[in-house]
1. Name the pairs whose Cβ atoms lie under 6 Å apart, with the first residue in the range 270-281 and open to solvent by 40 Å² or more (accessible area, probe 1.4 Å), the second among the acidic types (D, E) and modelled with pLDDT of 95 or more, and 6 or more positions between them or separate chains?
2. Just name the residue that is nearest to L77 (Cα to Cα) out of those in the range 143-174 that are small (G, A, S) and more than 24 Å from the chain's Cα centre (by Cα).
3. Pick out the one residue from L150, L83 that is open to solvent by 10 Å² or more (accessible area, probe 1.4 Å) and within 23 Å of G34 (Cβ to Cβ).
4. Being at pLDDT below 85, of a type in the set (A, V, I, L, M), in a helix (DSSP H, G or I) and closer than 20 Å to V163 by Cα narrows it down to one of V44, V52, V79, so name that one.
5. Go through the range 8-34 residue by residue and tally those that are more than 17 Å from A107 (Cα to Cα) and open to solvent by 40 Å² or more (accessible area, probe 1.4 Å).
6. Filter the range 311-350 for residues that are part of a loop (DSSP other than H, G, I, E, B) and of a type outside the set (G, A, S); which is least open to solvent (accessible area, probe 1.4 Å)?
7. Which residue, of T354, T380, is at pLDDT 75 or above and open to solvent by 50 Å² or more (accessible area, probe 1.4 Å)?
8. Among the residues that make up the range 64-73, is at least one of them open to solvent by 50 Å² or more (accessible area, probe 1.4 Å), within 20 Å of I181 (Cβ to Cβ) and at pLDDT below 85?
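The values are calculated or read from the model by the stated rules, or taken from the named source; none is laboratory data. Note that the structure is a prediction, hence the values are computed from the model and not measured. Using ideal geometry, Cβ is built from the backbone for each residue, glycine included, and neighbour counts are taken over all protein chains shown. Just the protein is used for accessible areas: all its heavy atoms, side chains included, with ligands, DNA and RNA removed. Shrake-Rupley method; radii C 1.70, N 1.55, O 1.52, S 1.80 Å.
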Amino acid sequence: MPLALLALAVSAFGIGTTEFVMMGLLPNVADDLGTSVPTAGYLVSAYAIGVVLGAPLLTAVGSRIPRKKMLLLLMALFVVGNLASALAPGFGWLVAGRVLAGLPHGAFFGVGAVVAARLVADGRQARAVATMFLGLTVANIVGVPAATLLGQHLGWRATFLVVTVIGLVAMAALARLVPRIPVDDHQSLGREMRALGNRQVLLGLLTAVFGFAGVFAVYSYLASMTTEVMGFGESSVTLVLALFGIGMTLGALAAGPLTDRALRPTLYGSLAALAIVLVAFRFTVHHQAAALVTVVVLGAVGFMTTTPLQMLVMNKAKDAPTLASASNHSAFNLANAGGAWLGGAAIAAGWGWTSPMLVGAVLAVAGLGIAAAAGLLDRTAKRTSRVIAAGSPPPSGQREVSPSSRASGS
């Protein structure tokens with residue numbers, strides 16, 4: 001594994017910690033700032049909105065900046081945003097700090113995914129991207145629980161100060177380990193915008209918006225569910241969050257090779273499994289042992305959707321993948337914002353703490369439907385083009401795999 005992937009994973013660890021730690025801190029922030037937990041949930045949405053706005057904007061602005069320099073600039077903005085969150089004098093300022101911290105997220109992962117894919121040989125691109133994403137999953141095993149515990153004992157401001165330090169460490173790792181990767185001569189903002197307009201890219205982004213929203217409809221309120229429904233004490237919140245992170249890591253480890261082998265089947269299977277697990281969680285949440293197992297499985301199937309969706313939009317954008325890759329993280333965080341909002345709305349409507357699970361299941365099914373429709377359209381387009389080119393129908397049983405898999409004959 002190239003050491004540059006380690007630097008990207010360290011950066012992802014910092015980003016994942018600040019993105020997900022708010023779920024564990026919602027009760028503490030709400031108490032400290034005198035608001036309700038559903039209202040504090042807007043802080044999850046605020047970060048997500050920053051990602052949605054920043055991914056296309058910062059990627060466009062940096063389209064001609066060398067990749068390593070771009071990664072460093074984005075991580076510097078991440079540091080400023082988290083420092084601003086730590087020093088926020090009130091709820092409104094904290095919302096602003098969360099938006100600022102979220103701005104570089106999508107662009108960083110968009111550029112980082114392209115860099116990761118270029119660092120390895122054909123046939124291993126999805127695994128390289130999944131390795132970078134492992135930083136996100138490890139953040140949920142170590143970073144988020146530790147930061148939540150820190151916030152519970154020393155206050156939530158201490159959490160964001162620690163994340164600021166992590167960002168500085170990540171900048172040092174990027175500067176030391178990532179090689180210089182120049183911007184391709186043919187790369188331009190116009191070319192990236194045209195690639196983003198590809199129908200399959202747009203459908204992939206829409207799949208991410210609906211499918212991944214199912215995860216955040218529940219995860220955003222997992223800390224409160226732990227104490228209000230599962231019957232655990234506040235000290236157990238870190239354990240539950242760590243279990244979710246373990247599930248995410250298992251999902252990321254499985255998603256890389258599965259995506260390299262068969263992209264769309266991996267996507268279909270993960271979305272279908274997500275819907276099933278969310279429905280099951282509605283019943284298992286009342287039994288502590290079963291609830292903990294379900295949390296692990298939920299993290300695994302939820303995160304298994306990320307790598308195939310990332311590779312799908314990069315593949316369909318062809319030789320201008322950076323903006324599409326970054327926009328995929330806008331889609332994921334639009335899902336985060338939408339899922340958190342819908343889950344909170346269900347709770348606020350008096351439907352109970354378990355209502356976000358059913359909301360999430362409906363969203364996952366919607367994502368699966370969009371993914372299946374996109375796959376059908378893609379197969380139809382390929383069959384039509386081959387008939388026109390060859391004058392005969394293509395062999396039956398075609399399945400889509402990533403370009404690296406086709407190169408290896410899988």
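1. none
2. Checking each candidate, the answer is A158.
3. L150
4. V44
5. Total meeting the criteria: 4.
6. P321
7. T380
8. yes
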